[in-house]
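**Q** This is the structure I have questions about; it appears just below.
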Amino acid sequence: MEDRSAFIADLITRQAAVHGGRPGFLRGVCAAAAEVLSASGAGVSVMTDDGTRGETAASDPASEHIEELQFILGEGPCMDAFASRRPVLIPDLGDPSTDAGGRWPFYTPAASAGGLRAVFAFPLQIGAARLGVLDVFRDRTGPLTAGEFADALTVADVTVAALLDRHVQARDSRVREIDNNDYADGHRAELFQAQGMVMVQLGVSLTEAMARIRAHAYAQERRLADVARDIVARRLHFDTEKP
Amino acid sequence: MTMISPERLAKIFVEVADTLVDDFDLIEFLQTLTYRAASLVGAGAVGLLLADERGKLEFMAGSDEDVSLVELFQLQTDEGPCLEAVRTGRPVVNVDLGAAAGRWPRFAPRAAAAGFHSVHAFPLRLRSQVIGALNVFGTSLGGNLTDADVPVIQALTDVAAIALLQERAIRQGEVLSEQLQGALNSRVVIEQAKGVVAQSMGLTVDEAFVVIRGYARRHSRKLTDVAHAMVTDPQALARLKDS
């Protein structure tokens with residue numbers, strides 16, 4: 001799992017380097033997602049909590065078109081994944097039992113006409129903090145394998161971390177160090193509790209709260225789990241210090 | 001542990017099934033189930049863990065949300081009875097924690113230090129898949145499950161699996177994956193809400209949870225909805241503080 005996460009982070013970074021800058025990073029995510037998930041393409045839309053679309057990227061022009069389509073039409077798997085806070089997995093857009101045509105009467109025929117056969121949308125989120133959606137496109141029908149599904153979740157997680165960290169490269173070994181081990185000690189819940197506490201301490205959004213906690217962990221070279229534990233135990237307050 | 005009368009058993013299953021009928025909150029339902037399971041066999045604590053698609057076990061609900069107890073559930077992603085039940089698909093029963101340090105070097109001493117004497121885990125099965133486990137801790141010496149207890153607790157565990165299917169009609173494997181990810185994310189929202197309420201009201205996270213749950217019950221609202229409102233709607237938080 002850790003190795004897989006590192007592998008995917010490296011792949012994103014290599015792909016991102018081709019384009020450069022933050023747009024390059026999002027392009028890198030799309031290219032990496034398309035590669036590890038045997039997809040014909042992928043798209044990422046960064047969104048604010050009210051669903052307003054910000055930056056966007058796609059692996060190729062055809063995918064960019066499909067990604068655009070749902071925002072033009074105001075419907076599609078991406079929007080549903082964002083609204084429902086869960087993945088939307090459509091292995092066959094033409095399958096009557098899935099009824100994609102009923103769910104998205106405008107998107108489904110338009111995307112199908114563009115050659116899309118299957119689509120898998122993954123929210124970029126941590127609990128109630130929403131950052132956008134990753135869309136995976138295929139020109140053939142069929143479900144993601146269990147391994148591909150797990151990889152897609154990992155791509156989404158790496159992307160969320162990178163969007164929060166802004167200036168830190170996904171490849172940076174520090175990312176792995178601060179994220180290291182937050183499951184093994186059984187303290188995972190504390191990270192989210194700390195996120196809620198810091199949101200109130202600083203009067204910022206839930207997303208920004210996690211960004212500040214991560215920034216603190218980098219600056220102090222500490223594991224996220226340890227920082228979270230100090231926040232929950234009230235040994236560390238964010239309202240009295242510069243992040 | 002104790003003999004369960006058929007009347008009591010029937011009552012509990014009817015109560016549990018009754019919750020499943022209408023629009024229900026999955027996490028709240030699982031909490032009720034763990035609470036019932038604990039009272040049924042006189043257990044010290046009962047928790048329910050779900051496996052995410054990457055094989056990690058996530059705490060979803062417990063008869064008690066005490067921080068140290070949640071840690072005990074959560075750290076079984078690396079070793080412990082739940083991991084064994086998930087891997088083998090078979091219940092793990094009547095393990096003496098005092099003698100289990102060789103089997104689970106990290107988990108057993110911590111569970112024993114928390115005051116538990118015995119531990120049990122029941123696989124949460126869905127068709128051919130094992131998607132989690134129900135974890136039972138005994139506090140008294142010799143507080144073992146009897147042969148008659150085992151199928152009863154397994155049956156309650158199977159009801160939890162049905163609940164996962166029921167929340168939204170499951171047509172196919174894809175929908176189950178969507179469901180599981182949604183449930184795991186809802187759990188994160190609850191942790192975030194604990195942090196927000198703890199910080200706003202000067203409480204511990206354990207106390208914050210009691211406040212959130214009490215508020216949801218008094219207002220007949222879903223726990224997940226109230227938790228979500230706490231992290232996204234400052235006015236909802238203000239109403240909770242005033243109540």
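**Q** With respect to B:D225, is the statement that it is within 30 Å of A:F149 (Cα to Cα) and not assigned by TED's automatic domain parsing to the domain that holds B:E58 true?
**A** yes
**Q** Here's something else I'd like to know. Checking A:G51 against (1) under 14 Å from the mean Cα position of the chain (by Cα); (2) under 29 Å from B:R187 (Cβ atoms); (3) of a type outside the set (F, W, Y); (4) outside any helix (DSSP H, G or I), which test does it fail?
**A** Going through (1) under 14 Å from the mean Cα position of the chain (by Cα); (2) under 29 Å from B:R187 (Cβ atoms); (3) of a type outside the set (F, W, Y); (4) outside any helix (DSSP H, G or I) one by one, A:G51 breaks only (1).
**Q** Could you check the stretch B:111-128 and list, in sequence order, the residues that are within 19 Å of the chain's Cα centre (by Cα) and not in a loop (DSSP other than H, G, I, E, B)?
**A** Scanning the stretch B:111-128 gives B:A111, B:S118, B:V119, B:H120, B:A121, B:F122, B:P123, B:L124, B:R125, B:L126.
**Q** Of all strands (runs of 3 or more DSSP E) completely enclosed by the stretch B:35-98, which ones contain at least 1 residues that are modelled with pLDDT of 90 or more, away from chain A (no Cβ under 14 Å) and surrounded by 23 or more Cβ atoms within 10 Å (Cβ to Cβ)?
**A** Output list reads B:45-51.
**Q** Return the only residue of A:G102, A:G74, A:G43 being closer than 22 Å to A:R140 by Cβ and assigned by TED's automatic domain parsing to the domain that holds A:R130.
**A** Going through A:G102, A:G74, A:G43 in turn, just one is closer than 22 Å to A:R140 by Cβ and assigned by TED's automatic domain parsing to the domain that holds A:R130: A:G43.
**Q** Further question on the same structure: Quick one: what pairs do we get from the stretch A:189-208, first residue facing chain B (nearest Cβ under 8 Å), second among the basic types (K, R) and surrounded by 24 or more Cβ atoms within 10 Å (Cβ to Cβ), C-beta under 6 Å, 6+ apart or different chains?
**A** These pairs meet every condition: A:Q193/B:K194.
**Q** A follow-up question, please. Which residues, taken from the stretch A:118-151, are at the interface with chain B (Cβ under 9 Å from one of its Cβ atoms) and aliphatic (A, V, I, L, M)?
**A** A:I126, A:A128, A:A129, A:L144, A:A146, A:A150, listed by residue number.
**Q** Among the residues in the stretch A:41-50, are any in contact (Cβ under 8 Å) with a residue 60 or more places away in the chain, of a type in the set (S, T, N, Q) and under 23 Å from A:L153 (Cα atoms)?
**A** Looking for residues that are in contact (Cβ under 8 Å) with a residue 60 or more places away in the chain, of a type in the set (S, T, N, Q) and under 23 Å from A:L153 (Cα atoms), one finds at least one in the stretch A:41-50, hence yes.
**Q** Looking for something within 9 Å of another protein chain (Cβ to nearest Cβ), surrounded by 17 or more Cβ atoms within 10 Å (Cβ to Cβ) and either assigned to a helix (DSSP H, G or I) or polar (S, T, N, Q) (or both) - is there at least one such residue anywhere in the stretch A:92-108?
**A** Looking through the stretch A:92-108, at least one residue is within 9 Å of another protein chain (Cβ to nearest Cβ), surrounded by 17 or more Cβ atoms within 10 Å (Cβ to Cβ) and either assigned to a helix (DSSP H, G or I) or polar (S, T, N, Q) (or both).
**Q** Here is a further query. So B:R221 clears everything in (1) more than 30 Å from A:A100 (Cβ to Cβ); (2) surrounded by fewer than 24 Cβ atoms within 10 Å (Cβ to Cβ); (3) within 8 Å of another protein chain (Cβ to nearest Cβ) except one condition, right? Which one?
**A** For B:R221, the exception is condition (3).
Listed here are the residues, each with its yes/no results for (1) under 19 Å from the mean Cα position of the chain (by Cα); (2) at pLDDT 95 or above.
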site: B:R168; (1), (2): no, no
site: B:G173; (1), (2): no, no
site: B:G202; (1), (2): no, yes
site: B:K222; (1), (2): yes, no
site: B:V231; (1), (2): no, yes
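**Q** Another question, if that's okay. Taking the condition closer than 21 Å to B:G42 by Cβ and either within 14 Å of another protein chain (Cβ to nearest Cβ) or of a type in the set (A, V, I, L, M, F, W, C) (or both), does B:L145 pass?
**A** It is true that B:L145 is closer than 21 Å to B:G42 by Cβ and either within 14 Å of another protein chain (Cβ to nearest Cβ) or of a type in the set (A, V, I, L, M, F, W, C) (or both).
**Q** So is A:G41 surrounded by fewer than 16 Cβ atoms within 10 Å (Cβ to Cβ) and either at pLDDT 95 or above or touching a Ser or Thr at 6+ places or on another chain (Cβ under 9 Å) (or both) or not?
**A** So A:G41 does not fit the description; no.
**Q** Taking B:G102 as the residue in question, decide whether it is within 14 Å of chain A (Cβ to nearest Cβ), modelled with pLDDT of 90 or more and farther than 23 Å from A:L153 by Cα.
**A** Spelling it out, it is not the case that B:G102 is within 14 Å of chain A (Cβ to nearest Cβ), modelled with pLDDT of 90 or more and farther than 23 Å from A:L153 by Cα.
**Q** For residues that are touching a strand residue (DSSP E or B) at 6+ places or on another chain (Cβ under 7 Å) and over 19 Å from B:Q31 (Cα atoms), scanning just the stretch B:120-165, find the one that is surrounded by the fewest Cβ atoms within 10 Å (Cβ to Cβ).
**A** Top of the filtered list is B:V150.
The values are calculated or read from the model by the stated rules, or taken from the named source; none is laboratory data. What you see is a predicted model, and the numbers here were worked out from it, not measured in a lab. With ideal geometry, Cβ positions are generated from the backbone for all residues, glycine too; neighbour counts draw on all protein chains shown.
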